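**Q** The structure is given below, and queries will be raised subsequently.
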Amino acid sequence: MFSLKNIVRKNIWNLKPYSSARDEFKGRADVFLDANENPFGTLNRYPDPHQKEIKQKLSTIKKVATNQIFVGNGSDEVIDLAFRIFCEPGKDKVLTFSPTYGMYDVSAGINNIELIKQPLINDFQINLNQLQPYLDFEDVKIIFICTPNNPTGNNLNTDDVEYILENFNGIVIVDEAYIDFSSQASFIKNINKYNNLIVSQTFSKAWGLAGVRTGVAYASEEIINLYNRVKPPYNVSTLNQKAVLNSLDNLEEVTKNIETILLERTKLKEALSELPIVKKIYPTDANFLLVEVDNANKAYQYLIDEKVIVRNRNTQVDNCIRITVGTPEENKRLIKTLQKVK
Ligand code: PMP
């Protein structure tokens, strides 16, 4: 049986959270002399520590309650705080499916948590047989599932994710950084069904706001309360909140850009498939393509020399480079440059 109290770090369960000036007085007033702010200027006041406006808008769009939403300083903060809430340093473990997003490993290292890597198989799907024994390990506190997966680009099978949610008594973080480019539905609809589920999304990809640093976690109210207890009081700046709100008011533009990127993804795939150095293009549901070439190190270096930068993923998947879908011009330049690689 999943019990939140059993898997939360004791010190976090018992933590008395910081109470900010804005927590202690929430009403309207004329004179605020309670937060040691400077009375002059335009950004002199602390931001809303609970990002209420953003949560209200997200609540409507995503069809979840506002108290099932946590807004973080990038989804990297969503990941890092999960370690701090659930994992006892030097004792607990987390599990990932490799190859995947590198920050799970780094965050585990920072928090002194052992990370177990299960290789993805058959075009990068979860091997449930191999995973099975770990589902009962009491010191495995979190399983990270990145879907669509970075750097491979594919969706993980929904049935496998549901199987893990149903059979693992720890937390399952479904990282949906690339979900808006995917043909698969988000797991957000399941947060009321599974009380061990955290769905992580970000404004950095489809929303075009990587510079803004805002990520979101969707989960049960109980889990979101834990996030609110451990987060720094003013973790999302006024400027960040404004930029996100602006985007949430311009959904049409976001949708249009996603459509353009998806169209460009198809074109890029076609153009790449005609290049002699390209051996395989993996199926993708994200805004990037994992491409196997003759010699990834050579192609990567050649592109750098020509001032076109892709990601060399050779150490994760043999002879693969990961190419983000750019503007039509950028994609044309990439193809032109790759045509010249000997
Ligand atoms: N998850 C995945 C799978 C990612 O690829 C990234 C960034 N590349 C992140 C999370 C972090 O995104 P951010 O902190 O910008 O929200």
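**Q** Here's a check for you: in region 168-198, which residue that is in a loop (DSSP other than H, G, I, E, B) and open to solvent by less than 10 Å² (accessible area, probe 1.4 Å) is nearest to residue 66 (Cα to Cα)?
**A** 191
**Q** Looking at this structure, is residue 243 in contact with a Phe, Trp or Tyr (Cβ under 9 Å, 6 or more places away or on another chain) and either assigned by TED's automatic domain parsing to the domain that holds residue 52 or in contact (Cβ under 8 Å) with a residue 60 or more places away in the chain (or both)? Steps first, please.
**A** Details: in contact with a Phe, Trp or Tyr (Cβ under 9 Å, 6 or more places away or on another chain): yes; either assigned by TED's automatic domain parsing to the domain that holds residue 52 or in contact (Cβ under 8 Å) with a residue 60 or more places away in the chain (or both): yes.
For residue 243, the condition - in contact with a Phe, Trp or Tyr (Cβ under 9 Å, 6 or more places away or on another chain) and either assigned by TED's automatic domain parsing to the domain that holds residue 52 or in contact (Cβ under 8 Å) with a residue 60 or more places away in the chain (or both) - is met.
**Q** From the list 292, 274, 270, which residue is closer than 21 Å to residue 337 by Cα, in contact with a Cys (Cβ under 7 Å, 6 or more places away or on another chain) and outside the structural domain of residue 148 (by TED's automatic domain parsing)?
**A** 292
**Q** I've got another one for you. Can you pull out the strands (runs of 3 or more DSSP E) entirely within region 70-167 that have at least 1 residues that are more than 16 Å from the ligand (Cβ to nearest atom), in contact with a His (Cβ under 9 Å, 6 or more places away or on another chain) and open to solvent by 20 Å² or more (accessible area, probe 1.4 Å)?
**A** By residue number, no strands (runs of 3 or more DSSP E) qualify.
**Q** Run residue 297 past the list (1) in contact with a strand residue (DSSP E or B) (Cβ under 8 Å, 6 or more places away or on another chain); (2) outside the structural domain of residue 20 (by TED's automatic domain parsing); (3) open to solvent by less than 20 Å² (accessible area, probe 1.4 Å) and report the number of the one that doesn't hold.
**A** (3)
**Q** If you don't mind, there's one more thing I want to ask. Which residues, taken from region 300-325, are open to solvent by less than 20 Å² (accessible area, probe 1.4 Å) and under 17 Å from residue 150 (Cβ atoms)?
**A** 310, 317, 320, 321, 323, 325
**Q** OK, next. Could you tell me whether any residue of region 210-229 is free of Cβ contacts under 8 Å to residues at least 60 places away in the same chain, in the same structural domain as residue 43 (by TED's automatic domain parsing) and open to solvent by less than 30 Å² (accessible area, probe 1.4 Å)?
**A** Yes; the residues of region 210-229 include at least one that is free of Cβ contacts under 8 Å to residues at least 60 places away in the same chain, in the same structural domain as residue 43 (by TED's automatic domain parsing) and open to solvent by less than 30 Å² (accessible area, probe 1.4 Å).
**Q** Which residues, taken from region 168-198, are away from the ligand (no atom under 12 Å from the Cβ) and within 19 Å of residue 83 (Cβ to Cβ)?
**A** Within region 168-198, 168, 169, 170, 171, 172, 196, 197, 198 qualify.
**Q** So if I check each of 25, 2, which one is out of contact with any helix residue (DSSP H, G or I) (no Cβ under 8 Å at 6 or more places or on another chain) and touching a residue at least 60 places away in the same chain (Cβ under 8 Å)?
**A** On inspection, the qualifying residue turns out to be 2.
The values are calculated or read from the model by the stated rules, or taken from the named source; none is laboratory data. Keep in mind it's a predicted model, so treat the numbers as computed, not measured. Cβ coordinates were reconstructed from backbone atoms using ideal geometry, including for glycine residues, and neighbour counts include every protein chain displayed. These accessible areas exclude ligands, DNA and RNA; they are computed on the full protein's heavy atoms, side chains included. Shrake-Rupley method; radii C 1.70, N 1.55, O 1.52, S 1.80 Å.
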